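> I'd like to ask you about the structure that follows.
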Amino acid sequence: MQTHQLYINGEYVNASSDEYIEIENPATEETISRTVKATKEDVNKAVAAASAAQKGWELTPNIERGKIVRALGDKIEENKDRFIDLLQEEQGKDYGLASGEVDLAIDYFRYMSEWARRIEGEILPSDRQNENIFIYKKPIGVVGGIVPWNFPVFILARKVATALVTGCTIVLKPSQQTPNTAVEFTKLIDEMDEVPKGVYNLITGTGSEIGNALASHEDVDMITMTGSVPAGTKVMEAAAQNITKVNLELGGKAPAIVTANADIDTAVKHITTSRLANNGQACTNAERVYVHESIAEEFTNRLQEAFEQTTMGDPRASKNADVGPLVSKDRLDEVHAMVESAKKDGAKVIAGGEPGDQKKGYFYKPTVISNARHDMEIMQEEIFGPVIPIDTFQTLDEAIEKGNDTVFGLSSSVYSEDMNEIMRVVNELRFGETYVNRENFEAVQGYHAGFRKSGLGGADGKHGVEDFLATHVVYMQYNNEKN
Ligand SMILES: NC(=O)c1ccc[n+]([C@@H]2O[C@H](COP(=O)([O-])OP(=O)(O)OC[C@H]3O[C@@H](n4cnc5c(N)ncnc54)[C@H](O)[C@@H]3O)[C@@H](O)[C@H]2O)c1
Ligand SMILES: O=C[C@H](O)CS(=O)(=O)O
């Protein structure tokens, strides 16, 4: 069985512990690899390597960094099938989305490489005689990148491509559940002589131990973490010790508002695809529906039909399986407990509502819950599984109020053919992103960021690049009389 090492200062190294975490295929429950459990001592070594490499990397011409970032996208593309297979194996993604995720990672490296020549400062007139004010944009420095299990390739790309193009060095920590794709990516970096030692480092292990050590390290200049709200809170607490900048992409509870003027076909199609994407495990997936009472019955029946028509199975065994397993036994148990609690609260399960019939693996049947009430746990907490609860509304005010009444604020959607309704929802919903007559996913040139507890700062596009930069102001006096 393959056992992974750490990658520090351009070398594969053993960790200072001899403890390992077994990585499981969630569709078959087979152990597929072992990853080493790094310790705080290893984190210190990785941060020291990144710190030592920072100055040289920062002073490398942007265009050279851009070429490396682009080449990394090309190298992922050359190894695309391998990435798809590893991703399916460690996370249970269906073939279409696994292939889409790898394509997105390739595109992300290429897109970010274009920023190499677009990072610009400003020159301002001063209030003083013979002076200009120069505003430089500099790399923030050493970045700690913490990645979740649900999009381990794409979110790695988000962190690594943005760090490298902006002139930051990085210590990357993948999820302890899905490190294999990050290990594969590390091989690509290792093969490239152009990447100086220490610019990219990989550590593996648990969040509570090494994630925490990274977030609380005094030589880390920014910690960019994608994951759950509870873990994000811990990261923020740890970073607060050194006033380290945090960039957090956290959970969601996306409302889908379906008005009386919606095209029901469109709403059913997109909500089904979104809710079941990645087996229900994406932060921007539609997580709760508010449908106008006049169309609630028809909409609910159609959604039930669509959910019942989906196929479920081991995604590596069949390219046609729409829905694969949840990532772990714990996830499966949590999703089922939420469905049971909704039933106890008076909601009605009209499709699914139980684990899949597969002999092995963590499958949960695509589930539709009607008669959900906005105050139920199933409408308030992130489900992160293939389950959609439906509540109704009478007025648009009520739908908007229910949509906004959440601690999360990442994604949202509205279905309507009436522009006045759409504009009201767009103006009054307070979320990082709103999709009109469609659902996720977001674009690389946009800005992926959450309101409320869904995060701080964001990723992608011009604003995502800015989050990896620090501003340095220089007051430039010159002597007019010397000429
Ligand atoms: N907003 C986004 O862009 C986005 C994208 C993907 C996933 N998510 C969210 O991620 C969650 C699912 O992913 P997950 O289960 O891997 O999340 P998680 O919070 O359990 O783990 C995410 C990462 O944080 C690390 N971590 C955990 N505790 C830590 C600590 N105390 N200190 C430092 N690091 C720690 C983990 O090891 C892992 O690498 C969901 O809530 C989902 O909504 C958000
Ligand atoms: O899990 C969160 C998102 O929906 C996926 S991503 O933002 O596109 O990575």
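> Enumerate the pairs (first residue in the range 208-227 and more than 9 Å from Gly144 (Cβ to Cβ) and within 16 Å of ligand 2 (Cβ to nearest atom); second residue anywhere and among the β-branched types (Val, Ile, Thr) and assigned to a helix (DSSP H, G or I)) with beta-carbon separation below 7 Å, excluding pairs fewer than 6 apart on the same chain, so at least 6 apart or on different chains.
From residues that are more than 9 Å from Gly144 (Cβ to Cβ) and within 16 Å of ligand 2 (Cβ to nearest atom), the pairs are Thr226/Ile155.
> Here are some residues: Ile383, Ile369, Ile378, Ile388. Which one is in a helix (DSSP H, G or I) and either at pLDDT 95 or above or not hydroxyl-bearing (Ser, Thr, Tyr) (or both)?
Only one candidate passes the filter, namely Ile378.
> Could I ask something else about it? Any residue at all in the range 356-378 that's touching a Phe, Trp or Tyr at 6+ places or on another chain (Cβ under 8 Å), within 16 Å of ligand 2 (Cβ to nearest atom) and hydrophobic (A, V, I, L, M, F, W, C)?
No, there is no match, as no residue in the range 356-378 is touching a Phe, Trp or Tyr at 6+ places or on another chain (Cβ under 8 Å), within 16 Å of ligand 2 (Cβ to nearest atom) and hydrophobic (A, V, I, L, M, F, W, C).
> Another question about this same structure. Would it be correct to say that Gln358 is closer than 19 Å to Glu298 by Cα and surrounded by fewer than 21 Cβ atoms within 10 Å (Cβ to Cβ)?
In short, no.
> I want to confirm something. Restricting to the range 38-66 and keeping residues that are touching a helix residue (DSSP H, G or I) at 6+ places or on another chain (Cβ under 7 Å) and under 22 Å from Tyr108 (Cβ atoms), which single residue is surrounded by the fewest Cβ atoms within 10 Å (Cβ to Cβ)?
Ile63
> Let me ask you something else. Out of all the residues in the range 324-339, which are in contact (Cβ under 8 Å) with a residue 60 or more places away in the chain and surrounded by fewer than 23 Cβ atoms within 10 Å (Cβ to Cβ)?
Of everything in the range 324-339, just one residue is in contact (Cβ under 8 Å) with a residue 60 or more places away in the chain and surrounded by fewer than 23 Cβ atoms within 10 Å (Cβ to Cβ), namely Ser328.
> Output the qualifying pairs, or none if there are none: Cβ atoms under 7 angstrom, residues six or more apart or on different chains, first residue in the range 358-377 and at positive phi, second residue among the acidic types (Asp, Glu) and buried (at least 19 other Cβ atoms within 10 Å of the Cβ).
Every condition considered, the pairs that remain are Gly361/Asp314.
> Something else now. On the basis of being touching a Ser or Thr at 6+ places or on another chain (Cβ under 7 Å) and closer than 30 Å to Asn480 by Cβ, does Lys37 make the cut? Don't jump to the end; show me each part of the working.
Working: touching a Ser or Thr at 6+ places or on another chain (Cβ under 7 Å): yes; closer than 30 Å to Asn480 by Cβ: no.
Here the answer is no, as Lys37 does not meet what is asked.
> Just one of the numbered conditions (1) crowded, with 23+ Cβ neighbours inside 10 Å; (2) outside any loop (DSSP other than H, G, I, E, B); (3) more than 16 Å from ligand 2 (Cβ to nearest atom) is not true of Asp397; which one?
In the conditions (1) crowded, with 23+ Cβ neighbours inside 10 Å; (2) outside any loop (DSSP other than H, G, I, E, B); (3) more than 16 Å from ligand 2 (Cβ to nearest atom), Asp397 misses (1) alone.
> Hey, another quick one. For the range 279-323, which positions are more than 16 Å from ligand 1 (Cβ to nearest atom), crowded, with 24+ Cβ neighbours inside 10 Å and not in a helix (DSSP H, G or I)?
If the condition is that a residue be more than 16 Å from ligand 1 (Cβ to nearest atom), crowded, with 24+ Cβ neighbours inside 10 Å and not in a helix (DSSP H, G or I), then Val289, Tyr290, Val291, Met312, Pro315, Val323 are the ones that fit.
> So, one more: Can you give me the ranges of the strands (runs of 3 or more DSSP E) entirely in the range 141-235 with at least 2 residues that are at negative phi, out of contact with any Lys or Arg (no Cβ under 9 Å at 6 or more places or on another chain) and more than 9 Å from ligand 1 (Cβ to nearest atom)?
169-173
> Something else: Would you confirm whether or not the range 27-36 contains a residue that is at pLDDT below 95 and either farther than 24 Å from Gln91 by Cβ or crowded, with 23+ Cβ neighbours inside 10 Å (or both)?
Within the range 27-36 (the criterion being at pLDDT below 95 and either farther than 24 Å from Gln91 by Cβ or crowded, with 23+ Cβ neighbours inside 10 Å (or both)), the answer is yes, since at least one residue qualifies.
> Quick check on my filter: what residues within the range 245-270 are more than 14 Å from Asp391 (Cα to Cα), surrounded by 24 or more Cβ atoms within 10 Å (Cβ to Cβ) and more than 11 Å from ligand 1 (Cβ to nearest atom)?
Ala267, the sole residue that qualifies.
> Residues to consider are Val195, Val160; find the one that is surrounded by 20 or more Cβ atoms within 10 Å (Cβ to Cβ) and touching a helix residue (DSSP H, G or I) at 6+ places or on another chain (Cβ under 6 Å).
The conditions single out Val195.
> Can you spot a residue in the range 116-129 that is basic (Lys, Arg), over 25 Å from the mean Cα position of the chain (by Cα), assigned to a helix (DSSP H, G or I) and not assigned by TED's automatic domain parsing to the domain that holds Thr311?
yes
Yes/no matrix, rows are residues, columns are (1) within 16 Å of ligand 2 (Cβ to nearest atom); (2) under 16 Å from the mean Cα position of the chain (by Cα):
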position	(1), (2)
Pro255	yes, no
Ala267	no, no
Gln281	yes, yes
Ala286	yes, yes
Glu293	no, no
Asn301	no, no
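The values are calculated or read from the model by the stated rules, or taken from the named source; none is laboratory data. Predicted model, so just to flag it, every value in this text is computed and none were measured. Cβ sites come from the backbone with ideal geometry, for glycine too, and all protein chains shown count toward neighbours.
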